[in-house]
Amino acid sequence: SRLLTMLESVSAYVDDVVAKRRQPDYKLGSKIASVVSMVPRIQPEVFAKSFRNNLQDLLMVVYLSNLTRTQLAVAERIGKTP
């Protein structure tokens, strides 16, 4: 939530400068440009596909861990049966 607050603050500052409601601070503008240039540019479709793939991988790990836990529980019950 802190990051979102900071982004909203920077966005409001830029909007005010563009609308000429505020005098631009060139040092601050340079820092904003520097930070923005560090963010990798990625197409929304590529990001969505990568996110879906990573989510599917995570869900597979969860599924396999649950399956393993179930199989261990079954094996323990079979082993305890006389």
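The values are calculated or read from the model by the stated rules, or taken from the named source; none is laboratory data. Model, not experiment: these values are computed from the prediction. We place every Cβ from the backbone using ideal geometry, glycine too, and count neighbours over all the protein chains shown. For the accessible areas, the whole protein counts, side chains as well, though only heavy atoms, and no ligand, DNA or RNA atoms are used. Shrake-Rupley method; radii C 1.70, N 1.55, O 1.52, S 1.80 Å.
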Check: Looking only at segment 28-47, which residues are part of a helix (DSSP H, G or I), open to solvent by less than 100 Å² (accessible area, probe 1.4 Å) and among the hydrophobic types (A, V, I, L, M, F, W, C)?
Finding: Leu28, Ile32, Ala33, Val35, Val36, Val46
Item checked: Asp25 being among the charged types (D, E, K, R), modelled with pLDDT under 95 and open to solvent by less than 100 Å² (accessible area, probe 1.4 Å) -> yes
Notebook entry, point to check: Considering segment 61-82 alone, what residues qualify as being open to solvent by 100 Å² or more (accessible area, probe 1.4 Å) and not charged (D, E, K, R)?
Noted result: Tyr63, Gln71, Leu72, Ile78, Pro82
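I'm trying to understand the selection: among the residues of segment 10-22, which are surrounded by 10 or more Cβ atoms within 10 Å (Cβ to Cβ) and either touching a Lys or Arg at 6+ places or on another chain (Cβ under 7 Å) or not hydrophobic (A, V, I, L, M, F, W, C) (or both)? Let's see the steps before the verdict.
Our first condition is that a residue be surrounded by 10 or more Cβ atoms within 10 Å (Cβ to Cβ); within segment 10-22, this holds for 10-18, 22.
Scanning segment 10-22 gives Ser11, Tyr13, Asp15, Asp16, Arg22.
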Check: If you check Tyr13 against the conditions, is it of a type in the set (Phe, Trp, Tyr) and in contact with a helix residue (DSSP H, G or I) (Cβ under 9 Å, 6 or more places away or on another chain)?
Finding: yes
